[in-house]
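The values are calculated or read from the model by the stated rules, or taken from the named source; none is laboratory data. The model shown is predicted, which means the values in this text are computed figures rather than measured ones. Note that we place each Cβ from the backbone using ideal geometry, even for glycine, and neighbour counts take in every protein chain shown. Ligands, DNA and RNA are stripped out before the accessible areas are found, and what is left, the full protein with its side chains, is counted by its heavy atoms. Shrake-Rupley method; radii C 1.70, N 1.55, O 1.52, S 1.80 Å.
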Amino acid sequence: MKKLSFIFAAIACIGIVAGCKSDPVEPEVTPSISVAPTSVAATSAAAYTATLSVVSNVAWTATAPSWVSLTPAKGDGNASVKVEVAANEATDARTGEIVFAASSAGVKVAVSQPAAAGTPSPDPTPDPVGTNIATADQFIAFLANPTDAEWKITADIDLSGKTITPAASFAGTLDGDGKTIKNATLSSNLFTSVSGTVKNITFSNSSFAGGIVGTLAAGGTVSGITVDATCSAAFPEPTESKNYGVVVGYSEGTVESCTKAAAVNLSYEALPAASCSWGGIVGYNKGLVKDCVNSGDFTLTVKAPAKSTFHSFGGVVGTYEGTEGTVMVSRCTNSAKVSVEYNSPVYFFTGGVVGGTPSAKNTPGNYGIVEDCTNTGDVAMHFPSGGSGSYPVIGGVIGYAEGALKGCVNRGNISLTCDSETTTWTCPRLGGVGGIVTRGASGCENYGAISIKGLYAGGTDGNRGSGNGVSKPGIFGGVIAAAGPYEHDGSVKFENCINEGSFTINFGTLTETPNTQVGGVFGYVTGTISGCTNKGDITLNSPARVNRLGGIAAGSAYGATGCTNSGNLKIVNTPKLEASTNWVNYVAGIIADVNTAAGDVAFSKCTNSGSMTLENQTDIATTRVSAVAGILGCAKATANAEFTECSNTGTLTANVKDAAFCVSGDLRGGNYY
């Protein structure tokens, strides 16, 4: 009986607890409303009807201008709203907003209607304290009278059918606010000159004949400009010195965060005797260009032989000119094809990011620094027929720099080709990062493949300009071809540079007897070298009478410190000229040839583990001694070469006709002169 009473009591307790449970609380709903489309634009002054689709999770109400009626004007959830725009009999176009309110949420829908036929709205008069630009007519009016105010583009602008007269000068601010200008046709510049600010505009489906800004003055800024892939540009053939850039032609101000995605392919019959510059973003820079990107192909073809002068062609900047120690181009990138095709005679500087600097014969300059720039696109120079006096200078990042490089990287393929094997191109300079760099480099790297094919010849000191390079050889380097000033200068430093790109050089049948200098990191160096590494394999197939191939450098006036080569190097020498007996080849893991008359030449903590091979396949007798070595190929007999903590573990192989005229050694090959 006691057990039964206990059971009844337990059941009663359970019932009491169950009966005391509270009702569930409904979760709070976050108000949400969306309306599509987001604008209603009547196509004429006549009455106009449209439908809006409302999606809402709460009750909502809608209000509109007096000339717009809504059916329904309120609802409790999703709905379709009929919008009726009354006929506009006024002489002005009208705009307004339809406002949907839903508790704490809300949406605005823009509504507009043209003026009555025959009574177009007058162009707005510029506001001295600044104004908004929302229509094509307002933008054209702005260009006609761009007061020095704060202007803002508040809607995308379609310039279809509009005649665009460039603004003569602008010292105010034009903020595009990320809006797009489309269907613009520019027969010249959009702005002839800017000393203020132009920013945050995207150009789409537009064509350019002179770029967006002709001249950017000191203190002026152009930023956040995008020329998308639907645009085109066709700069007119120059008959005098010109500076062409898709965004800015000539700049002494700041150009930053600009992008060219449009492909630009130029074709000219000839070029003038005066220097010209072409840049994907900026033609000629005397200010600062930073954080700019070229992702659209940029190519130039010149059909007739060009006149002898200096021209520059770069994916981002054509030419830069600053002062020693000043950063001129920073953090810019090219990811597209950059190429030049022409016939000699002309000095042409071509680079994936920058074309070059000014150059005056035998007058060295120092025009500032290019830093942290990257090329991933293919960069090419091509000669259909070649010709004496062509002087091609090409680099993955920069062609010709009378200045310094810091932290620049190339990952694109670099090529120099000539279709003819009977006509030469003169004094070529090709480097994975830079063709010629005169004032030092640090932290520069090449990972791209290099291809060189055709026929070349030497040149003269007077014809070569003021940049580095022994007067006559063709010079090629995995990172920089000709490194250092025209005269040897130990204060100019080339440090911590790396090449991992492999390359093969194939030369045609020579009609002259120049020599060749090829280095895994540098071609020929007139400064000092430290901390550099080559991992790329290099094969040189050359009929030249003198060939120098080095893992770090082909030639130098100094030794090297802390350098390492693991690339396999090979010279295949097939000379054709029987008139000369001075056939000679040097191949070495660090430096092939130290060209200094006297004094100490120091090598410290340098190692080679790559194989060094020489194949001299000539039947012509020689009176000079070739060399194969782990560290240094050869030096003048009067030079005192010293080796500290250096070693070679690579194999040394020489397949030559007469072994008496070839020496080898783990550290040093031999002497000459």
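Compute the distance in nm between two label points, each set 7 Å from the Cα along the Cα-to-Cβ direction, one at Ala59 and one at Ala105.
1.7
List the residues whose amide H sits under 5 Å from the amide H of Thr226, counting only those 5 or more places along or on another chain, with H placed 1.01 Å from N in the peptide plane.
Distant-sequence amide H within range of Thr226: Ile201, Thr202, Phe203, Thr259.
Take the alpha carbon gyration tensor of region 283-384, find the square roots of its eigenvalues, order them as a ≥ b ≥ c, and report rounded if a/c is under 1.5; if not, report prolate when a/b exceeds b/c, else oblate. Working shown, then result.
Values: a/c = 2.66, a/b = 1.18, b/c = 2.24.
It is oblate, given that a/c is not under 1.5 and a/b is not larger than b/c.
Using 7 Å Cα-to-Cβ label points, what is the Thr644/Asp419 separation (nm, one decimal)?
About 5.6 nm separates the two model spin labels.
Between Cys292 and residues 5 or more places away or on another chain, which pairs have amide H atoms under 5 Å apart, with H built 1.01 Å from N, and which residues are they?
Counting only residues 5 or more places away or on other chains, the set is Ser257, Cys258, Cys332, Thr333.
Round to the nearest 10 and report in Å² the accessible area of Tyr250, as given by a 1.4 Å probe over the protein chains' heavy atoms.
Rounded to the nearest 10, that gives 60 Å².
Of Lys337/Lys406; Lys179/Lys286; Lys179/Lys337; Lys199/Lys290; Lys307/Lys453; Lys242/Lys303, which sit over 21 Å apart, Cα to Cα?
On the way: Lys337/Lys406 23 Å; Lys179/Lys286 29 Å; Lys179/Lys337 28 Å; Lys199/Lys290 14 Å; Lys307/Lys453 24 Å; Lys242/Lys303 18 Å.
Checking Cα-Cα distances, Lys337/Lys406; Lys179/Lys286; Lys179/Lys337; Lys307/Lys453 exceed 21 Å.
So, taking all protein chains as they sit and a 1.4 Å probe, how much accessible area belongs to Glu371, in Å² rounded to tens?
Using a 1.4 Å probe on the heavy atoms, I get roughly 40 Å².
With each pseudo-label sitting 7 Å past Cα toward Cβ, what's the Thr51-Asp600 distance in nm, one decimal?
Going from the Thr51 label point to the Asp600 one covers 9.2 nm.
I'd like to check one number: the per residue accessible area of region 98-243, probe 1.4 Å, reported in Å² as a whole number. It would help to have the intermediate numbers written out before the result.
Values: 6290 Å² over 146 residues.
Value returned for region 98-243: 43 Å² of accessible area per residue.
Answer rounded, prolate or oblate for region 126-229, using the Cα gyration tensor with square roots of eigenvalues a ≥ b ≥ c: rounded when a/c is under 1.5, else prolate when a/b is larger than b/c, else oblate.
Working: a/c = 1.36, a/b = 1.15, b/c = 1.18.
Rounded.
Kindly identify region 241-301 as rounded, prolate or oblate by the Cα gyration tensor criterion: order the square roots of the eigenvalues as a ≥ b ≥ c, call it rounded if a/c is under 1.5, otherwise compare a/b with b/c, prolate if a/b is larger, else oblate.
Numbers: a/c = 3.55, a/b = 1.29, b/c = 2.76.
Oblate, since a/c reaches 1.5 and b/c is not below a/b.
Local charge sum around Ser206 (other residues, Cβ-Cβ under 10 Å, Lys/Arg +1, Asp/Glu -1)?
Numbers: positive: Lys182; negative: Asp228.
Here the charged neighbours net out to 0.
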